[in-house]
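The values are calculated or read from the model by the stated rules, or taken from the named source; none is laboratory data. These figures come from a predicted structure and were not determined experimentally. Here the Cβ positions follow ideal geometry from the backbone for every residue, glycine too, while neighbour counts run over all protein chains shown. With ligands, DNA and RNA removed, areas are computed over all heavy atoms of the protein, side chains included. Shrake-Rupley method; radii C 1.70, N 1.55, O 1.52, S 1.80 Å.
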Amino acid sequence: LHFDHRALFQISSNEEVVPLPMVALNARYYIQFALGENDALHMQIGANAWYNTAWYAPSWNPVLGVFHNQNEVKYGNAPYFDIFANLQWKRACIFVKLENAGMGWPLDKADYFSANHYIRTQRVVKFGMFWPFYTQPSKDTSGDKGPNPD
């Protein structure tokens, strides 16, 4: 069992210049185990959750490609979590993730925003695979390691 926690407490000396959420939390809980012959398949099943107090999240200007401060709407003060399963077989990594699994739970709203007027993904299932195609360096059995890198 793995319990990874991150907590951030921060206070801005000038909220108009640098708006910050006072508390930001991230918790990742998962179980990791090996399956198959010679533990060939490694698997993680768990959840990843975020929470932050209400704050004036920055706005995005797509024309200029920059974020800028806004003081119209406060965002946050609601949990957001994903449920995932990761599989590692040799070099292949396969994942399945249910994003925004709570979809407004425990609150009665599902309007999660990553920036002002930019809504986060609603509940969706994502899956994918990462498989790097490269040749691994061969192991030198002759005993000659070449020049000393030091």
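If I filter region 122-137 for residues that are surrounded by 11 or more Cβ atoms within 10 Å (Cβ to Cβ), at pLDDT 90 or above and of a type in the set (S, T, N, Q), do I get at least one hit?
The answer is no; no qualifying residue exists.
Under 7 Å between Cβ atoms, which residue pairs at least 6 apart in sequence (or on different chains) link something in region 11-28 that is closer than 11 Å to residue 57 by Cα and outside any strand (DSSP E or B) with a partner that is among the hydrophobic types (A, V, I, L, M, F, W, C) and open to solvent by 20 Å² or more (accessible area, probe 1.4 Å)?
That search, which allows pairs on different chains as well, returns 19/55; 20/55; 21/55.
So, of the residues in region 58-83 that are part of a loop (DSSP other than H, G, I, E, B) and either without any contact (Cβ under 8 Å) to a residue 12 or more places away in the chain or acidic (Asp, Glu) (or both), which turns out to be least open to solvent (accessible area, probe 1.4 Å)?
Residue satisfying both the conditions and the ranking: 65.
Checking residue 84 against (1) modelled with pLDDT under 90; (2) within 30 Å of residue 134 (Cα to Cα), which test does it fail?
(1)
I'm told residue 36 meets every condition in (1) modelled with pLDDT of 90 or more; (2) closer than 27 Å to residue 96 by Cβ except one. Can you identify the failing condition by its number?
(1)
Kindly provide the set of residues from region 77-92 that are out of contact with any Asp or Glu (no Cβ under 8 Å at 6 or more places or on another chain), closer than 27 Å to residue 112 by Cβ and not β-branched (Val, Ile, Thr), ordered by number.
Of everything in region 77-92, those that are out of contact with any Asp or Glu (no Cβ under 8 Å at 6 or more places or on another chain), closer than 27 Å to residue 112 by Cβ and not β-branched (Val, Ile, Thr) turn out to be 77, 78, 79, 80, 81, 84, 85, 86.
For region 1-57: of the residues being under 30 Å from residue 89 (Cα atoms) and among the polar types (S, T, N, Q), which is most open to solvent (accessible area, probe 1.4 Å)?
38
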